[in-house]
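Peer 1: Take a look at this one; I'll ask things after.
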Amino acid sequence: MSGSRLVDVDAEWRVSTDELRLRLDDPGLTIVDVRPLAAYNGWNLSGAARGGHIPGAVAFPSTWLDRVDPAEVQRLLRVKDVTDAREIVLYGDLPDEVWAMRTQLVELGQERVRVYGPGWAEWAADETLPVERLPHHDKLVHTAWLRELLAGNTPEAAPDGAFLLFHVNFGVPEEYEESHLPGAFYLDTNQLENPVDWNRRTPEELEAAVRSLGITRDTTVILYGRDTEGDPNEKWPGRRAGQIAATRAAMILRYCGVDDVRLLDGGYDAWVQDGNPLENVIRTPPEAPVFGAAIPLRPEVIVDLAEAKQILADPDGAALVSVRTWNEHVGNVSGYNYIVPAGRIAGDVWGNCGSDAYHMQHYRTVDNTMRAYPEIADNWAEAGITPDKWVAFYCGTGWRASETWFYAYLMDWQNVAVYDGGWFEWSANPGENPIEVGEPDDVGEEVAA
């Protein structure tokens, strides 16, 4: 299909820059960005004058059309307000991608699908036009960026100094030994957590751990995990939640004081699916002589029991957010084989997660990358979780909470933390720590959209 076909679209289906500028706040209009999510977030993948997206646009990468079935496409479109009741405007970098999306939407019954013909390059080039982006998008790196970095090149937002790449999981070095990204070292979350209560280790233990990994305060640390790519009959049941493990490590490293911690969006799976190489060379990082700061340099990243109760006491100015399934929240299950009590912390706010303790579908896309950040923020806002509050996320023992903390950090929320003890600690003493079960009066499962 030739890109020139885009200009053959009838004039009534084309949108000019001037029209789009005036209609950014039109409640009857949905603007759809068909580029990769990394571009939407702020990475400059096409050489445009600026990175980011048109304000208010929803993200629907054109590649999804080939990855999901029609029913799932329809569901995703509804979630993003792409319906026949609204006027739709598509834009992107490549005319063919935009045209393919328009054709698909028309075939699905959308009657008012228009195209912003000039595309992202023209919008980005005009400094008078507004642009939105994920504030810390450079901490959520994409596979092409990492490929360039590993090749010895200097990609956009390259580390200022030394960097280390880690394959992260919980106690399965065999997974790392089987295959990992080129140049990656292995990070076992047990090095950062105490396996008795799954809380972060003591400052002394953490200093020894990060130094043994070659990490200093000034090291750029790039983390990834492995979730689904490979044999569907899992070799290590319950331990494959690699991206959650990577965010858990990211949170603790920020707590320690590492300034530049990054996550590979989509992890090992995205790397493999994009056709990149793997290796099985076992690597050991050189030990760092010093860390370079007293640990924890950022104690506010983690709250404990007393602070969790302070948050609960201030529902107008704070929120203790449960990153757990609905079945966990209402007390049908505890979610873990090592936690017996079921229920929730009285006074918490449900933030959802996914299907179980090892999945975060509510915060991920169909290709297992981070969900478009405005959607996450909008869902939180509906539940009263807003950036002006002191927000602490909790789950069973801090893993799922760490993923949501990382996303809030990417959005530049200033007062966010993880309640490290979580449901494991809270439920162990119901006499002192109030517990609720059953469906709350003020929230329903529809929040899970």
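Peer 1: Name the single residue, out of those in the range 194-220 being open to solvent by 20 Å² or more (accessible area, probe 1.4 Å) and not in a loop (DSSP other than H, G, I, E, B), that is farthest from residue 303 (Cα to Cα).
Peer 2: Residue satisfying both the conditions and the ranking: 212.
Peer 1: In the range 127-146, which residue that is out of contact with any helix residue (DSSP H, G or I) (no Cβ under 7 Å at 6 or more places or on another chain), over 18 Å from residue 221 (Cβ atoms) and charged (D, E, K, R) is surrounded by the fewest Cβ atoms within 10 Å (Cβ to Cβ)?
Peer 2: 127
Peer 1: Given the range 16-113, what helices (runs of 4 or more DSSP H) lie entirely inside it while holding 1 or more residues that are within 24 Å of residue 137 (Cα to Cα)?
Peer 2: Hits in the range 16-113: 37-41, 64-67, 70-79, 95-107.
Peer 1: Another one. Step by step: first the residues of the range 413-433, then only those that are under 15 Å from residue 300 (Cβ atoms) and part of a loop (DSSP other than H, G, I, E, B), then the one that is most open to solvent (accessible area, probe 1.4 Å). Which residue is that?
Peer 2: The qualifying residue most open to solvent (accessible area, probe 1.4 Å) is 414.
Peer 1: Cβ contacts < 6 Å: first residue farther than 18 Å from residue 55 by Cβ, restricted to the range 130-142; second residue part of a strand (DSSP E or B), any location; separation 6+ or different chain. Result?
Peer 2: From residues that are farther than 18 Å from residue 55 by Cβ, the pairs are 139/262; 140/263; 141/262; 141/264.
Peer 1: Out of (1) touching a strand residue (DSSP E or B) at 6+ places or on another chain (Cβ under 7 Å); (2) open to solvent by 20 Å² or more (accessible area, probe 1.4 Å); (3) not small (Gly, Ala, Ser), the odd one out for residue 359 is which?
Peer 2: Against the list (1) touching a strand residue (DSSP E or B) at 6+ places or on another chain (Cβ under 7 Å); (2) open to solvent by 20 Å² or more (accessible area, probe 1.4 Å); (3) not small (Gly, Ala, Ser), residue 359 comes up short only on (1).
Peer 1: In addition: So residue 110 ticks every box in (1) more than 19 Å from residue 40 (Cα to Cα); (2) modelled with pLDDT of 90 or more; (3) open to solvent by less than 50 Å² (accessible area, probe 1.4 Å) but one. Which box is left unticked?
Peer 2: The failed condition is (2).
Peer 1: Name the residue that is nearest to the chain's Cα centre (by Cα), counting only residues in the range 279-337 that are aromatic (Phe, Trp, Tyr) and assigned to a loop (DSSP other than H, G, I, E, B).
Peer 2: By that ranking, first place goes to 336.
Peer 1: Here are 248, 262, 254: which of them is touching a Lys or Arg at 6+ places or on another chain (Cβ under 7 Å) and in a helix (DSSP H, G or I)?
Peer 2: Of 248, 262, 254, the one residue that is touching a Lys or Arg at 6+ places or on another chain (Cβ under 7 Å) and in a helix (DSSP H, G or I) is 254.
Peer 1: Right, something else. Only one of 335, 343, 292 is at pLDDT below 95 and at positive phi. Can you tell me which?
Peer 2: Among 335, 343, 292, only 335 is at pLDDT below 95 and at positive phi.
Peer 1: In addition: Given the conditions (1) out of contact with any strand residue (DSSP E or B) (no Cβ under 7 Å at 6 or more places or on another chain); (2) modelled with pLDDT of 95 or more; (3) surrounded by fewer than 23 Cβ atoms within 10 Å (Cβ to Cβ), which single one is not true for residue 256?
Peer 2: The single condition residue 256 does not satisfy is (3).
The values are calculated or read from the model by the stated rules, or taken from the named source; none is laboratory data. In this text, all values refer to a predicted model and were calculated from it rather than measured experimentally. Don't worry about glycine lacking a Cβ; one is built from the backbone with ideal geometry, like all the others, and counts go over all protein chains shown. Note: accessible area is taken over every heavy atom of the protein model, side chains too, but ligands, DNA and RNA are not part of it. Shrake-Rupley method; radii C 1.70, N 1.55, O 1.52, S 1.80 Å.
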